[in-house]
Amino acid sequence: MTAMAPPPPQSQPQAQPGAAGAAGAEQAQRQGQAQAQAAQRQGQVAQASASGRPPALTRRALASGTPRQLRIARGLAATACLLPGLVGMVEIASAATAPVSSPTQTYAELRAGAAAYEAKAVVAAVRRQSTAEADQALTRVSTQLGAAALLYPDRSPEIYRVGDQLAARQSQLSAAVASRAIGSTAAVPAAGADLTSALTKLENPPAARSVVNAQHLLIAGGVGLAGLLGASLWLARKTRRVVNPGLVAGLLLTAGVSALGWQVLAATGTGAAVDDLAQVRADAAQSVAVEAESLATVTPDGTALQSKAKGYVDAADTLIRANSGSWTARAADPWRAFATKELTAAQLGGADLTTRQGLVSGRVADLKTLDTTLATLAREQGAGSDQRPNAWAGYGIFALSLVAGALAWTGVGRRVAEYR
């Protein structure tokens with residue numbers, strides 16, 4: 001058997017002598033590029049250190065979102081600067097167009113009008129006379145109630161309730177007049193508890209609009225300053241710089257805007273003299289209304305009525321004596337003439353009904369004389385105490401806030417520019 005010869009060995013591929021050299025050259029090129037980039041970064045750092053600026057933004061810094069955070073901080077800082085100026089402009093414009101009347105004056109005049117109507121209406125009903133003068137007083141106070149409800153919408157329910165109770169009181173007294181006109185001897189009904197409760201609400205006037213406006217501005221200023229202070233602290237930690245000139249300038253100017261706006265609004269008002277005169281008119285009218293209550297009872301408690309009426313008279317007398325303004329000298333004699341005719345407990349409770357009718361009618365006439373004098377003084381005092389601000393002051397304050405916002409925007413913007 002013939003042995004088969006083994007197959008010839010396969011030839012092995014020969015290695016390409018240039019492949020290894022190409023791979024080494026490519027690796028050397030990559031290393032050279034990496035070294036060049038590292039050298040470039042080191043050069044940027046050295047150049048930035050020499051100039052005092054932070055190095056240009058690297059890919060890692062770009063990934064961290066620092067420029068985006070700085071842009072957000074820039075917008076918030078500018079908004080914080082604009083907020084007090086915008087609120088101040090709106091509030092000053094509102095105060096500039098508001099009626100020249102304080103809540104104290106308005107509510108005191110409402111009390112005076114309601115009390116004057118009650119006294120006149122009761123006297124007319126008891127004496128079976130025309131209620132025309134009382135109806136005029138009711139029309140006047142109803143108009144004042146409507147105006148007050150528009151001025152103070154948050155208090156409109158209690159104001160309208162007073163109007164409803166006065167209308168009900170008019171119907172009650174009109175029925176008494178009709179009944180007595182046909183021979184009835186029944187006593188005129190006294191004012192009900194609902195009317196008394198409604199009128200008691202008028203003894204607590206709301207805060208003056210200028211005070212509310214100033215409070216709004218102070219809140220806006222506080223929010224703005226807190227935002228700017230927070231932005232300053234955050235920027236100092238982020239950039240490792242304690243002071244940002246633009247942001248600090250914006251903060252200081254915003255504080256000045258808030259203080260200036262508050263000063264403008266705080267000076268708004270009608271003056272204490274007008275409020276005091278309105279209080280005196282209200283106390284005088286309420287004292288006479290209390291004296292008129294003696295006509296609504298067959299056997300009135302003269303001591304209780306006189307004590308209640310005297311409380312109103314003493315309050316007005318104390319107010320006049322505590323003031324040293326020019327109006328007090330002119331009001332002293334008319335007030336003294338009114339106060340010295342105050343009815344005694346014996347007159348209110350001991351005299352017969354006919355005598356009481358004459359006495360109370362005289363007090364209503366005295367009230368009319370005094371009220372005319374005090375109203376004239378109030379108009380004179382009010383004409384010289386219109387302290388409403390000029391709307392242009394609000395526009396000026398907003399312009400300053402725009403400058404503050406521009407400073408803050410520029411200050412933070414410089415930090416953003418360093419990352420470009």
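Which count do you get for residues in region 81-111 that are among the small types (Gly, Ala, Ser), part of a helix (DSSP H, G or I) and open to solvent by 10 Å² or more (accessible area, probe 1.4 Å)? Please lay out each step first, then the result.
Keep residues of region 81-111 that are among the small types (Gly, Ala, Ser), which gives 85, 88, 93-96, 98, 101-102, 108.
Subset that is part of a helix (DSSP H, G or I): 85, 88, 93-96, 108.
Applying the additional criterion that residues be open to solvent by 10 Å² or more (accessible area, probe 1.4 Å) yields 93-94, 96.
So the answer is 3.
State which residue is nearest to residue 119 (Cα to Cα) when the search covers only region 187-214 and only residues that are under 27 Å from the mean Cα position of the chain (by Cα), open to solvent by 30 Å² or more (accessible area, probe 1.4 Å) and at pLDDT 85 or above.
Looking at the filtered set, the residue picked out is 199.
Based on this model, can you work out whether residue 194 counts as assigned to a helix (DSSP H, G or I), under 24 Å from residue 300 (Cβ atoms) and acidic (Asp, Glu)? Break it down stepwise before answering.
Details: assigned to a helix (DSSP H, G or I): yes; under 24 Å from residue 300 (Cβ atoms): yes; acidic (Asp, Glu): yes.
So residue 194 fits the description; yes.
Which condition number does residue 134 fail, the rest of (1) part of a loop (DSSP other than H, G, I, E, B); (2) over 27 Å from the mean Cα position of the chain (by Cα) being met?
Here residue 134 clears every test but (1).
When only residues in region 363-382 that are β-branched (Val, Ile, Thr) and touching a residue at least 24 places away in the same chain (Cβ under 8 Å) count, which is least open to solvent (accessible area, probe 1.4 Å)? Walk me through how you get there before you give the answer.
Of the residues in region 363-382, the ones β-branched (Val, Ile, Thr) are 364, 369, 372-373, 376.
Then keep just the ones that are touching a residue at least 24 places away in the same chain (Cβ under 8 Å); that gives 364, 369, 373.
On the way: 364: 21, 369: 94, 373: 46 Å².
The qualifying residue least open to solvent (accessible area, probe 1.4 Å) is 364.
Tell me yes or no: at least one residue of region 137-150 is within 22 Å of residue 180 (Cβ to Cβ) and either in contact with a Lys or Arg (Cβ under 6 Å, 6 or more places away or on another chain) or modelled with pLDDT of 90 or more (or both).
Yes: region 137-150 contains one or more residues that are within 22 Å of residue 180 (Cβ to Cβ) and either in contact with a Lys or Arg (Cβ under 6 Å, 6 or more places away or on another chain) or modelled with pLDDT of 90 or more (or both).
Note down all Cβ pairs under 6 Å where the first residue falls in region 134-150 and is free of Cβ contacts under 8 Å to residues at least 40 places away in the same chain and more than 18 Å from residue 102 (Cβ to Cβ), the second is of a type in the set (D, E, K, R) and buried (at least 18 other Cβ atoms within 10 Å of the Cβ), and they're at least six residues apart or on different chains.
Between residues of region 134-150 that are free of Cβ contacts under 8 Å to residues at least 40 places away in the same chain and more than 18 Å from residue 102 (Cβ to Cβ) and residues that are of a type in the set (D, E, K, R) and buried (at least 18 other Cβ atoms within 10 Å of the Cβ), the close pairs are 134/120; 137/120.
Collect the residues in region 130-152 that are open to solvent by 20 Å² or more (accessible area, probe 1.4 Å) and aliphatic (A, V, I, L, M), keeping them in residue-number order.
Selection gives 132, 147, 150, 151.
Limited to region 137-158, what total is found for residues that are of a type in the set (A, V, I, L, M, F, W, C) and not in a helix (DSSP H, G or I)?
So in region 137-158, the residues of a type in the set (A, V, I, L, M, F, W, C) come out as 137-138, 141, 145, 147-151.
Within this subset, residues satisfying the condition of being not in a helix (DSSP H, G or I) are none.
Qualifying residue count, region 137-158: 0.
Regarding region 158-166, can at least one residue be identified that is more than 30 Å from residue 300 (Cα to Cα) and open to solvent by 40 Å² or more (accessible area, probe 1.4 Å)?
Yes: one or more hits.
Restricting attention to region 227-239, which residues are in contact (Cβ under 8 Å) with a residue 40 or more places away in the chain and open to solvent by 60 Å² or more (accessible area, probe 1.4 Å)? Break it down stepwise before answering.
In the first step, residues of region 227-239 are kept if they are in contact (Cβ under 8 Å) with a residue 40 or more places away in the chain; the result is 227-228, 231, 234-235, 238-239.
Passing the criteria: 234, 238.
The values are calculated or read from the model by the stated rules, or taken from the named source; none is laboratory data. This structure is a prediction, so every number in the text was calculated from the model and none was measured. Every residue, glycine as well, gets a Cβ built from its backbone with ideal geometry; the counts of neighbours run over all protein chains shown. Heavy atoms of the whole protein, side chains included, go into the accessibility calculation; ligands, DNA and RNA do not. Shrake-Rupley method; radii C 1.70, N 1.55, O 1.52, S 1.80 Å.
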